[in-house]
Amino acid sequence: MTHVLLASCPDAPGISAAVTGFIAQSNGFILDSQQHGDNATGQFFLRIAFKSATDETLDVDSLTSRFAAVAKQFAMRFGIFDAKTRPQMLIAVSRFGHCLNDLLHRWRTGSLPVEIVGVVSNHDDMRALVEWHGLPYHHLPIKADTKAAQEQAFRHIIEASGAELVVLARYMQILSAEFSTFLAGRCINIHHSFLPSFKGAKPYHQAYERGVKLIGATAHYVTDDLDEGPIIEQDVERVDHGWSASQLVEAGQDIEARVLARAVRWHVERRVLRKGNKTVVFR
């Protein structure tokens, strides 16, 4: 059984030695270790994957309890996780299905280590696709005067399903500050990287009219500051004058799908640590 230790704390001498010493004393064998000392903030970030050096099973609760003494010594925030545990994930989508379809395919083929517990949408367009995959489809229409009730219903689905992560796979609604706070640290959004240059409808068509030479996408954690949350992953692709608007849309959707999939994978594999409004990602 493989475990992952994810930790951050003020930088100081002896952190790595204390952590690896604890793992050795616990009869653990280190499989992978990554660390980062941030000079700008004075913070230290660490991810270690380890397993038992023998046939003995290492218990997460016991490891967590015993590691607390090390964490206290360095004022450390940490978590120890069973690497084989597949987090429960809920997806939200509107009418663009490319990111949803990509996530469902990766989940169904076993390449994305999550358990998808359902899909929420403010439209009914994706029902057939989702139900073909054998998943619950929650249609929650929304209007200006029903937004609060719709978000309350959305929140109830999250809590009832046990979802540990919510992924906005082109869910074209702005979450309220209260809902964003409720989802803090466990909600990932995807958007095209034209913001704020090309806001509103048909951003790729706007980009086409401006003759852009570079298109891209950004996956980030959701905060109550619209599209300003900590960035997890980005990617870009060069285009030129010969591309049509429809080609830009197609290329942009491909980028969005792969960027979102990488961000979700890194989150569920416990590779992402928050650093203020930034992230440390141990790939």
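The values are calculated or read from the model by the stated rules, or taken from the named source; none is laboratory data. What you see is a predicted model, and the numbers here were worked out from it, not measured in a lab. All Cβ positions, even for glycine, are placed from backbone atoms using ideal geometry, and neighbour counts span all protein chains on display.
Of all the numbered requirements in (1) in contact (Cβ under 8 Å) with a residue 40 or more places away in the chain; (2) surrounded by 13 or more Cβ atoms within 10 Å (Cβ to Cβ), G276 misses one, and that requirement is (2). Kindly indicate whether F45 is under 19 Å from T85 (Cβ atoms) and assigned to a strand (DSSP E or B). The answer is no for F45.
Any chance region 175-187 includes a residue that's in the same structural domain as L100 (by TED's automatic domain parsing) and more than 29 Å from V114 (Cα to Cα)? No - not one qualifying residue is present in region 175-187. So in region 27-47, with the set limited to residues that are crowded, with 18+ Cβ neighbours inside 10 Å, out of contact with any Gly (no Cβ under 9 Å at 6 or more places or on another chain) and without any contact (Cβ under 8 Å) to a residue 60 or more places away in the chain, which one is nearest to A71 (Cα to Cα)? For region 27-47, the residue satisfying everything is L46. Every condition in (1) part of a strand (DSSP E or B); (2) under 25 Å from L183 (Cα atoms) holds for K84 except the one numbered (1).
In region 69-117, of all residues being among the small types (G, A, S) and in contact (Cβ under 8 Å) with a residue 12 or more places away in the chain, the one that is surrounded by the fewest Cβ atoms within 10 Å (Cβ to Cβ) corresponds to A75. Elements of the type strands (runs of 3 or more DSSP E) sitting completely within region 167-283 and holding at least 3 residues that are within 12 Å of the chain's Cα centre (by Cα) and either within 22 Å of R86 (Cβ to Cβ) or charged (D, E, K, R) (or both): these cover 187-192, 272-275. Once region 5-25 is narrowed to residues that are hydrophobic (A, V, I, L, M, F, W, C) and under 18 Å from E56 (Cβ atoms), the residue that is surrounded by the fewest Cβ atoms within 10 Å (Cβ to Cβ) is A24.
Check region 75-87 and report whether any residue there is more than 25 Å from the chain's Cα centre (by Cα) and at negative phi. No, the conditions are met nowhere in region 75-87.
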